[in-house]
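Shown next, in structure tokens, is the structure this report addresses.
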Amino acid sequence: MSVQKDRLEELGRELGDAIAETPEYEAFEEAKAAVEADDEVQEQISTFQERRDHYMHARQMGNATEENLRKVQEAQEELHSMPKMAAYLDAQEDLQERLEAVNEAISEPLAVDFGGEAGGCCHD
């Protein structure tokens, strides 16, 4: 491995460690643990997944009904209305926003206008 590649991987690990220390990541991990430890939430997740799987199978077979879809939507709404699941989804969204901001910061100096840089037949 080249020195540059080693350094990039080291920076990647440092970035991962720094992300793990953000309030958004910590809140996400706490909310995830709360969801995983709550039997009622886990039961509702199972209900939702079963209904969704049943609907997807019926759809693939060409015999899905509006009633099947309504049951999936009801199970999802009930799941999302549970306080621990709602907190988890909010924490997940906050973490995703933070990660998108980090991604933009990484990508910004790498931006290249390939159309503007190309030569040959691409220019008028």
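Brief remarks follow.
- Point-to-point label distance, Gln60-Arg13, nm (Cα→Cβ direction, 7 Å offset): 4.1 nm
- Pairwise FRET efficiency - Glu43 versus Ala86, Cβ, R0 = 22 Å, nearest 0.05: 0.85
- In summary, the convex hull built on the alpha carbon positions of the chain has an orientation-averaged projected area of 14.8 nm².
- Computed per residue of the chain from DSSP H runs no shorter than four, each worth -39500 (n - 2.57), the mean residue ellipticity at 222 nm is -27500 deg cm²/dmol.
Just so you know, all these numbers are worked out from the coordinates, no wet-lab data involved. Owing to the predicted nature of the structure, the values given are computational and were not obtained by experimental measurement. Neighbour counts run over all protein chains shown; Cβ positions are idealised from the backbone, glycine included.
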